[in-house]
Structure formats: structure tokens, C-alpha cells
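The values are calculated or read from the model by the stated rules, or taken from the named source; none is laboratory data. Remember, predicted model here, so these are calculated numbers, not experimental data. Using ideal geometry, Cβ is built from the backbone for each residue, glycine included, and neighbour counts are taken over all protein chains shown.
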């Protein structure tokens with residue numbers, strides 16, 4: 001059995017499937033269009049742990065039966081009728097070992113993308129976007145994939161506690177490695193009190209396009225997303241979407257490691273993710289930083305993350321049916 005799938009060194013992995021999707025093995029995806037896979041990893045966190053339990057919570061954030069039909073009310077589309085979707089279980093990360101775990105995730109993502117399958121990763125802290133988007137870029141071409149990044153934080157630190165890998169550094173590592181250059185980045189929802197001016201200046205030098213919440217409030221979300229789509233499509237035919245659940249105001253998504261007041265509403269995030277998934281050629285995605293120990297009554301953060309994935313799938317289905 002592959003090291004990146006269902007033989008586990010730790011207890012963090014979930015064995016049910018997302019929305020009742022059939023199970024599949026990493027090396028047998030010839031008939032799979034989209035692969036859901038978990039990355040139960042949180043040893044890159046700096047504040048509150050628990051994101052290693054995120055994949056299980058996101059899968060469980062659904063009140064439907066395992067084999068229920070899921071037609072989207074506004075569109076009438078059930079993405080499970082449009083795509084062949086499978087759940088690969090969770091990557092075999094090694095508790096406490098950052099580099100080994102990151103290498104295993106990247107290798108797994110690369111194998112998924114090489115089989116012409118789109119990986120959607122359930123995190124896990126944001127460290128995993130380095131191997132997630134990096135593995136996709138390894139297959140689709142370094143510099144060829146735009147990254148749409150929803151987050152309260154830029155995640156562009158040079159180091160985190162003296163280390164190169166952590167949830168404050170993945171976007172910098174992607175840029176420095178050449179997998180996703182700065183001019184291919186669009187960030188939506190930044191706010192608060194980090195990063196410091198020297199990191200912001202570095203971001204400007206990389207030609208990153210970052211939309212802070214004050215700009216979104218002043219201009220409106222729709223024109224910002226219009227601009228983001230234009231920027232993302234400038235020379236890049238493919239996109240990776242990374243959603244840190246803390247982009248949403250913690251009143252609606254408390255179960256996260258670094259909550260920052262004043263974010264998007266859950267409605268705004270769902271609509272925007274669906275729109276981007278329809279308008280862009282998405283070749284990979286992740287939803288990260290769901291920390292179930294800090295979630296509110298009713299597991300509202302996990303339920304939101306579950307719906308983010310479903311909206312993503314629906315937007316991709318709309319795109320396919322519109323072609």
C-alpha cells in the first residue's frame with residue numbers, strides 16, 4: 001500500500017469519505033476526475049493547535065446520508081453526477097515530522113495530478129499549501145498556475161521561529177521555489193496586524209496582488225473579484241484555490257487557529273468560491289485551518305468548510321456543463 005494513502009503512523013486520519021464519495025487508491029485514478037484527500041497536519045501552527053483533526057471534521061460536517069443526492073438549489077446541478085469524484089482517505093503524515101510529512105504530501109499531490117485528476121485537499125494547517133500547490137505546479141508547470149488565496153494573513157514570512165516551513169511561510173516558499181511566482185498570486189481578505197512593513201514591501205517587490213478587507217469594504221467584493229479574475233488570467237490558464245477558513249469573520253467560523261475579527265461573511269465566501277471555480281480552470285485546491293477543538297456549537301466552522309468544498313465542486317461542474 002502506498003505510503004501516502006491509508007497506512008497510518010498516527011491516529012489523526014479519518015476513514016469515512018467526503019459526501020459519501022467512493023474510496024479510491026492513489027495509484028488507480030484513471031476513472032477519477034476529482035480526488036478528495038486529507039492532510040491531518042498541524043505542527044506548523046503558531047497559536048492554537050487542532051487542525052490535524054480538520055479533515056475528519058470537514059468530512060463529518062454534512063447532515064446528508066452517505067449516498068444522498070446533492071443538487072445545488074440555485075443551479076439544480078449535482079456535481080457528483082457531473083464528475084467522477086473519489087475520496088483517497090488521508091495522506092500518511094508522520095506526527096511531529098514536518099519535512100517528511102511535507103514531502104509525502106507533495107509526492108501524493110504530484111501523483112494525483114499526473115493522472116489528470118484534480119486534487120482537493122482537506123487540511124490541516126496552511127503549511128500544506130506549499131506541497132499542495134507545489135505538487136500541482138510540478139505537473140502543470142512552474143509559473144503556469146495562478147494561486148487565489150483567501151486568508152486573514154499573507155503567509156509570506158521569511159521564517160517562522162527560525163524555521164523555513166510553517167503556516168506563516170507557505171506562500172513565500174512557493175514564490176522562492178518558482179512554483180508560483182509572485183505575479184501569479186491574488187490574496188483576498190487580509191486584515192489585522194501582520195505581516196510587518198518589511199514583509200509587505202517584499203510582497204510588493206514580488207508583484208503580489210493583495211486585497212485587504214478595508215479595500216473590499218470600500219469597493220465591494222464583486223469588483224474586487226472581477227479584478228482578481230483578470231489578474232489571475234493574465235498569462236495563466238490554470239488556477240489553484242487555497243481557502244484559509246480564518247478569512248471568514250470568527251463570529252461565523254470560530255474553529256480556527258488564528259482568528260482575526262472583521263472578515264468575510266460565510267455567504268460571501270461560498271458565493272465567491274463557486275464563482276471562481278466556474279470562471280477559472282481549477283487544477284487543485286485546499287481548505288485549511290479548521291481546528292475542531294475551538295469550533296462553536298453545532299460545528300459551524302467544519303460545516304462551513306464542508307460547504308466551501310461543495311460550492312467549489314458545483315462551480316467546476318457549472319464550468320464543465322457550460323463548455
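Here is how the numbers come out for the structure above:
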| item | result |
| --- | --- |
| Pair list, Cβ under 7 Å, 6 or more apart: region 8-29 residue closer than 19 Å to residue 101 by Cβ, other residue surrounded by fewer than 21 Cβ atoms within 10 Å (Cβ to Cβ) and modelled with pLDDT under 85 | 26/2 |
| Matching residues, region 236-246, being surrounded by 24 or more Cβ atoms within 10 Å (Cβ to Cβ) and either at pLDDT below 95 or not in a helix (DSSP H, G or I) (or both) | 239, 240, 241, 242, 243, 244 |
| Residue within region 247-261 that is out of contact with any strand residue (DSSP E or B) (no Cβ under 7 Å at 6 or more places or on another chain), surrounded by 24 or more Cβ atoms within 10 Å (Cβ to Cβ) and closer than 17 Å to residue 58 by Cα present | yes |
| The listed residue being in contact with a strand residue (DSSP E or B) (Cβ under 9 Å, 6 or more places away or on another chain), within 27 Å of residue 131 (Cβ to Cβ), surrounded by fewer than 18 Cβ atoms within 10 Å (Cβ to Cβ) and in contact (Cβ under 8 Å) with a residue 40 or more places away in the chain, out of 233, 280, 264, 269 | 233 |
| Conditions (1) assigned to a loop (DSSP other than H, G, I, E, B); (2) under 28 Å from residue 320 (Cβ atoms); (3) in contact with a helix residue (DSSP H, G or I) (Cβ under 6 Å, 6 or more places away or on another chain); number of the one not met by residue 106 | (1) |
| Residue that is farthest from the chain's Cα centre (by Cα) [pool: residues in region 162-212 that are within 15 Å of residue 231 (Cβ to Cβ) and in contact (Cβ under 8 Å) with a residue 60 or more places away in the chain] | 180 |
| Test result for residue 244, without any contact (Cβ under 8 Å) to a residue 40 or more places away in the chain and within 20 Å of the chain's Cα centre (by Cα) | no |
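Let's see how each residue does on (1) surrounded by 24 or more Cβ atoms within 10 Å (Cβ to Cβ); (2) closer than 21 Å to residue 155 by Cβ; (3) touching a residue at least 12 places away in the same chain (Cβ under 8 Å); (4) in contact with a strand residue (DSSP E or B) (Cβ under 7 Å, 6 or more places away or on another chain):
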position	(1), (2), (3), (4)
58	yes, yes, yes, yes
77	no, no, yes, no
84	no, no, yes, no
98	no, yes, yes, no
106	no, yes, yes, no
118	no, no, yes, yes
123	yes, yes, yes, yes
